[in-house]
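Have a look at the structure below, then the notes.
The values are calculated or read from the model by the stated rules, or taken from the named source; none is laboratory data. Values in this document were obtained by computation on a predicted structure and should not be read as measured data. Here the Cβ is made from the backbone with ideal geometry for all residues, glycine too, and neighbour counts use every protein chain on show. Heads up: the accessible areas ignore ligands, DNA and RNA and are worked out on the full protein's heavy atoms, side chains in. Shrake-Rupley method; radii C 1.70, N 1.55, O 1.52, S 1.80 Å.
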Amino acid sequence: MSDRRITFFIALALFAQESTWNFYDNQVPVLLREHLASTALVGALMGMDNLLGIFVQPWIGNRSDNTRTRWGRRIPYLAVGMPLAALVFVLLPWTTSLVTLVAVMFCYALIANTTRPLAESLVPDFLPPERRGRANAAVKIATALTIIVASLISLLVVDEHPRAAFVLPSVIMLAATVVLLANVRDSRSTGYQAAVAEDAATGPAPTGPPLRQIVSGLVTDRDRRRLLLLLTVLLFGGAWFASRSLITPYGMEALGLSRGEAGGLTLPSGIAYVAAAYPAALLAERFGRLRTIAAGMIVFAAALAAGSVAQTATGTVVAFCVASVGAAAFTINAAVALWNLAPSSRVFGAYTGLYAVTWYLGGFGGPALIGAVVDLVGWDGMLLYIAALAMLAVLVVVRLGRLQRLHRAARATTRTGSE
């Protein structure tokens, strides 16, 4: 299968998954606010899916790494998880109490978290390192389109049909699952075949290293680059999810918009993200991934800081458009940087899961932290608080860049000495 063809199918799978997740982030906070007055508690419950992801995603990633079937190691799990997640998602607006709403949220998050790292892991499975950046850009473009989809559903459907609106993302998920299963078997991927070859070389048991061993290796390794990269992901994930999870109530409370209008604030930023995604991959190839990541986070923080000054609907839309351009530089390149640091193809799924853990741990803590600050001092400065969190991530990636230069210099010295 050609690189472009497999990239399309991976992008379709992630588009379907993120269609439900983005609409979830867009509208479930409003469902929670029907039962809760505390913004911090709403933010914490919205981060529950990310908290579950901390446990589920690295586990399922490592389990899929060690799965061997004629369909491959990722597709069997996607075949079950995606339809189940779609069916549970439809139930969210039909809940009648906080207890039932949280229970359905938990079930959806638990199931959907099993699919999140698997589709993304297909990128390093099928594509060589030099092609992963552009492929990941195409995948992220597809996921960014779901921001537009969620915003359009909010603008056109939610105010008139608040329950039926949840059906649309679920239908997208089910349709994409059918297309994916009809066309992709990751047993044909170079990553799967390399893993099988490593199994044969290391012994009779067809399994890779357990997750505990992978994590301990990261922690005890004297090379701290992977840990610093994950810390960067944690901090910027907090900033990103706070900006997404709290934007609808921010629009209603600080800007005086209706629920549908506030939910549509991110529509133009989705277009901006799509436009910036592929150039972000090309810039990383030319100037380096870490430089591109750092520059993107600075743009993100500066845009939101400016948006806190121009506190109008138009100013917020413009700020989010510019911020999305900066966020694209991060999201396109961070996962690729971690994959390229992986020691073996047998741990791609686990590394994708660990990336997701830090990203969604930030997604759990970020909205709760920013929501707590909002409870203390009000909604007006929310964008500025998010910008400050993003700048902490910039400081970490600057340190990571220094270690990367030292590593390259040491490797060049070793190579010269061996000659």
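In degrees from 0 to 90, rounded to the nearest 10, what is the angle of the helix 190-202 Cα long axis to the longest principal axis of the chain?
In the chain, helix 190-202 runs at an angle near 50 degrees to the longest axis.
What is the angle, in °, between the Cα long axis of helix 382-418 and the longest principal axis of the Cα atoms in the chain? Nearest 10 is fine, range 0 to 90.
10
Before anything else, pin down the relative contact order of the chain: Cα pairs under 8 Å, at least 6 apart, normalised by residue count, whole percent.
29
With a point put 7 Å past each Cα toward its Cβ, work out how far Ala197 is from Leu395 in nm, to one decimal.
Distance between the two pseudo-spin positions: 4.5 nm.
For the pair Ile271 and Glu160, what calculated FRET efficiency results from E = 1/(1 + (r/R0)^6), where r is the Cβ-Cβ distance and R0 = 41 Å, to the nearest 0.05?
Step by step, r from the Cβ atoms, then E = 0.95.
Within the chain, what whole-number % of the accessible surface is contributed by carbon and sulfur, with the 1.4 Å probe and all protein chains included in the calculation? Mind dumping the intermediate values first?
Details: 10950 of 16490 Å².
Of the solvent-accessible surface of the chain, carbon and sulfur hold 66 percent.
Can you show me the helix-derived [θ] at 222 nm for the chain, built from DSSP H runs with n ≥ 4 at -39,500 (n - 2.57) apiece and divided by the number of residues, rounded to the nearest 500. Provide the component values of the computation, followed by the final result.
On the way: 17 runs with 336 residues, N = 419.
That comes out to -27500 deg cm²/dmol.
Given a cut-off of under 8 Å on Cα pairs at least six residues apart, what relative contact order in percent is computed for region 125-224?
The normalised contact order for region 125-224 reaches 30 percent.
Under the definition of Cα pairs under 8 Å and six or more residues apart, what whole-number percent is the relative contact order of region 246-320? Mind showing how you got there, number by number?
On the way: 50 pairs, mean separation 22.0, N = 75.
RCO, region 246-320: 29 percent.
Residue-wise, which Karplus ³J(HN,Hα) couplings in Hz belong to region 38-43, taking 6.51 cos²θ - 1.76 cosθ + 1.60, θ = phi - 60°, and x for glycine or proline?
Couplings: 7, 5, 4, 5, 4, x Hz.
Can you find, among Cys107, Ala85, Ala137, the residue sitting farthest towards the positive end of the charge dipole of region 70-141, where Lys and Arg contribute +1 and Asp and Glu -1 at Cβ?
Sorting the options by dipole projection puts first Ala137.
Assign unit charges at the C-beta atoms only (+1 for Lys and Arg, -1 for Asp and Glu), then state the dipole size of region 291-410 relative to its Cα centre in Debye, rounded to the nearest 20.
700
Taking amide H positions as placed in the peptide plane 1.01 Å from N, state which residues far from Ser189 in sequence (5 or more) or on other chains have amide H under 5 Å from it.
none
Looking at the square roots a ≥ b ≥ c of the eigenvalues of the Cα gyration tensor of region 263-343, which shape do they give, rounded for a/c under 1.5, prolate if a/b is larger than b/c, or oblate?
prolate
Kindly write out, for region 230-243 in residue order, the coupling ³J(HN,Hα) from the Karplus curve 6.51 cos²θ - 1.76 cosθ + 1.60 (θ = phi - 60°), rounded to whole Hz, with x marking Gly and Pro.
My calculation for region 230-243 gives 5, 5, 4, 4, 4, 5, 6, x, x, 5, 5, 5, 5, 5 Hz in order.
Using a ≥ b ≥ c from the Cα gyration tensor of region 102-161 (square roots of the eigenvalues), is it rounded, prolate or oblate, where a/c under 1.5 gives rounded and otherwise the larger of a/b and b/c decides, a/b for prolate?
oblate
If I model a spin label at Asp223 and Leu174 as a point 7 Å from the Cα along the Cα→Cβ vector, what separation in nanometres do I get?
4.7
Hey, can you find the accessible area per residue of region 133-208 for me, probe 1.4 Å, expressed in square angstrom?
44
Classify the chain as rounded, prolate or oblate, taking a ≥ b ≥ c as the square roots of the eigenvalues of its Cα gyration tensor: rounded when a/c is under 1.5, otherwise prolate if a/b is larger than b/c and oblate if not.
On the way: a/c = 1.82, a/b = 1.31, b/c = 1.40.
Oblate shape, in that a/c is at least 1.5 and b/c is the bigger or equal ratio.
Taking R0 as 60 Å, what's the FRET efficiency between Arg185 and Asp380 from their Cβ-Cβ distance, rounded to 0.05?
Calculated value: 0.70.
For Ser2 paired with Leu406, estimate the spin-label separation in nm (one decimal), with each label point 7 Å from Cα along the Cα-to-Cβ line.
Between Ser2 and Leu406, the label points sit 4.6 nm apart.
Given +1 on the Cβ of Lys and Arg, -1 on the Cβ of Asp and Glu, and no further charges, what dipole in debye does the chain carry about its Cα centre, rounded to the nearest 20?
It works out to roughly 1540 debye.
State in Å² the accessible area per residue of region 59-107; use a 1.4 Å probe, count heavy atoms of protein chains only, and round to the nearest integer. Please report the intermediate quantities before stating the final value.
Numbers: 2170 Å² over 49 residues.
With the other protein chains kept in place, region 59-107 gives 44 Å² per residue.
Under the Karplus relation 6.51 cos²θ - 1.76 cosθ + 1.60, θ = phi - 60°, what is the ordered set of whole-Hz ³J(HN,Hα) values for region 292-309, x standing for Gly and Pro?
Computed from phi, the couplings for region 292-309 are 5, 4, 4, 4, x, 5, 5, 4, 4, 5, 5, 5, 5, 4, 5, x, 6, 7 Hz.
With charges only on Cβ, +1 for K and R and -1 for D and E, what is the dipole size of region 188-313 about its Cα centre, in debye, rounded to 20?
Here the size comes out at about 240 debye.
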